[in-house]
Amino acid sequence: MKAVPGMSTRPTTDKVKESLFHRIGPFFDGGQVLDLFAGSGGLGIEALSRGAEHVVFVDAQSAAVKTIHNNLKTLKVDQNYDVFRQDAFRAIKAAGKQDRQFDYVFLDPPYGKVSFDKLFEALIDHKVLNVDAMIICEHDPNDTLPESQALFEKEHYDKYSNTIAVTVYRYEKQEDTNV
């Protein structure tokens, strides 16, 4: 699988990917996946190879979108995905308008440029998460993500190197009490 040309993305290493998928589930029993800030598409493609039903890849860079398409073609993945060149927040809003909901969301924004708090807020506001959805956040290990955040509870944190950490949250949707 090829990386996005240039220095504008940080591909998730194979070591991190293997460890991450071992942690969140070596195989999926279906499930809808949203891969925001997808870069080369490595996380979403790995999810498809492990049984995800459908993956939506989103990246704002045209070079990244082209790389995702090329990687999907090279790996002979010919169904069960959509690729969009779009800002992450607009993609979340569009998914909400289409009543799409996800079981897994990969968030790997450029370090220090996008607020995880605002991403979590957008995921809730636009109602794009299924109950018990997992939100997988790749971030700088110097960034401390909270134990809980809105309707999300931290499941675990792994530091892989001086430059990569992953925090996984579970969405715990509150039931409507207005009946």
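The values are calculated or read from the model by the stated rules, or taken from the named source; none is laboratory data. All of these numbers come straight from a predicted model, not from anything done at the bench. Positions of Cβ are backbone-derived with ideal geometry, glycine not excepted, and every protein chain shown enters the neighbour counts.
Structural remarks
- Search result, residues across the stretch 72-91 that are under 29 Å from Glu121 (Cα atoms) and either out of contact with any Pro (no Cβ under 9 Å at 6 or more places or on another chain) or part of a strand (DSSP E or B) (or both): Asn80, Tyr81, Asp82, Val83, Phe84, Arg85, Gln86, Asp87, Phe89, Arg90, Ala91
- Any hit, the stretch 141-151, residues being without any contact (Cβ under 8 Å) to a residue 60 or more places away in the chain, more than 17 Å from Lys93 (Cα to Cα) and in a strand (DSSP E or B): yes
- Residues in the stretch 50-71 that are part of a helix (DSSP H, G or I) and of a type in the set (Phe, Trp, Tyr): none.
- You will find that of Phe120, Phe84, Phe89, Phe102, the residue that is in contact (Cβ under 8 Å) with a residue 12 or more places away in the chain and touching a Leu at 6+ places or on another chain (Cβ under 6 Å) is Phe102 and no other.
- Near pairs, Cβ below 6 angstrom, 6+ apart or cross-chain, from the stretch 45-68 (under 19 Å from Gln101 (Cα atoms)) to any residue that is β-branched (Val, Ile, Thr) and not in a loop (DSSP other than H, G, I, E, B): Ala47/Val33; Ala47/Val55; Leu48/Val55; Ala52/Val33; Val55/Val33; Phe57/Ile68; Phe57/Val83; Asp59/Val65
- Of the criteria (1) within 26 Å of Lys159 (Cα to Cα); (2) modelled with pLDDT of 85 or more, which one Thr9 fails: (2)
- Tally, over the stretch 154-171, of residues that are farther than 14 Å from Phe120 by Cβ, touching a Pro at 6+ places or on another chain (Cβ under 9 Å), at pLDDT 85 or above and surrounded by 14 or more Cβ atoms within 10 Å (Cβ to Cβ): 2
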